[in-house]
């Protein structure tokens, strides 16, 4: 070996360490790492775990803020709150923040994911994949359960064995393997027939069951990552459509032809296969029967209540989040198809090219034009009147509100001729009104228009009021300078009022 070989090996080792350091620097900026390294990480993780217990994967903003507010002292009760400088970018080292401010900060930091669901009137929030990973990591430290158990090793070996069997291309080797498996099964049948029943220890069975439950728990966290990965694929496809180079034409042709590029991606294929298996009725029924049998075993009684409940609902708990991922995938596919078929991508591409051209011109001038050089361009700044949203009053559809104010019209004098014309053209029952006047006046000796309308409602609405006015101008005595308010109900059921001159009937009106 020459002297240069150890140096070359050392250089390669150094390059690998540097590359790994760069990779860790990237991971350090991820939300999971930042959450675990945050100043208030113990309080934040504890509150998020309590805020989103099993079954509450998503909460409306009002309920989320209320739940965080119940534990607010945990975030404020820390000596770091008094420190003037705090390296924590979330500001968790500063005291006095409200629950809503913490929630908004956690959304910005990637601890919570905001969802605007049209089925909900209020914005909902859920833990981000980074938060799920951080909670699972801390839980593994808390439980102190070793991952190098015999049951996990058996699971790995069994999966290796099954994959090797399924992918064997040598026909003779595959037949020999099947014969060995048959011999083992026949030997087990003989032992059972002779009354020999060999069972694993309860401890080994419990460990294996807990390992399976842990894998099932990790599946629920993967659904959040599925949604993020699908959105990343959608964004990448849109970038390719807008890019001036690359496989833009091929992607457009596939989308216009109706191809599901999201479903053809690696994450799309993986989820589709999982969702298909999850919704297989035969597979689901068989699995549920197996779970019910396991719950009846003696060793399963050593499981805690939460573990037994998780085991009983191991598959049913996966349906809703899996359906949500499918809904996101479907909506992204439709949105991407609309983006292409509506030709919106052409407008985006023109805008992108214009921005790139402007950026190129700016970069070309950056060494020639100093940053403090006055620019010979005057811009008229527009002004807008800003006001708080709280000044606007929202309409409650269930609140009838205050009745509308009555519309007031100026009274005008009506001549006898005009009233007579209205009576004639509107077929007003003058005979009936005359009878009403005489009956009311006969009981009290005199009667005003209001007296008549109070005892004999206007059967023809406004027409009856006009008829009474017409009769009053001919057969009643007017009190100069006096008015009265008369009311009546129209045929549409609404009540009306009017101010009219005061007339009094002192004698019977002749019936014509």
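No value in this document is a laboratory result; all are computed from the given coordinates. Please read all numbers here as calculations on a predicted model, not as lab measurements. Note that each Cβ is placed from the backbone with ideal geometry, even for glycine, and that neighbours are counted across all protein chains shown.
Overview of results
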| quantity | calculated |
| --- | --- |
| Theoretical gain in end-to-end length, residue 291 to residue 171 [0.36 nm per residue, Cα-Cα removed] | 39.7 nm |
| Inter-site label distance for residue 307 and residue 228 at 7 Å from Cα along Cβ, in nm | 2.9 |
| Pairwise centroid distance, computed over Cα atoms, of segment 282-330 with segment 465-490, Å | 83 |
| Measure of compaction for segment 416-505 (Cα Rg per 2.2 N^0.38 Å) | 1.00 |
| Extended-chain gain in nm, criterion 0.36 nm per residue less alpha-carbon gap, residue 390 and residue 320 | 21.5 nm |
| Likely footprinting exposure, 333, 496, fewest C-beta neighbours within 10 Å first | 496, 333 |
| Order by protection proxy (mean Cβ within 10 Å, highest first), peptides 312-318, 179-185, 446-452 | 446-452, 312-318, 179-185 |
| Exposure proxy order (Cβ contacts within 10 Å, fewest to most) of 198, 277, 469 | 198, 277, 469 |
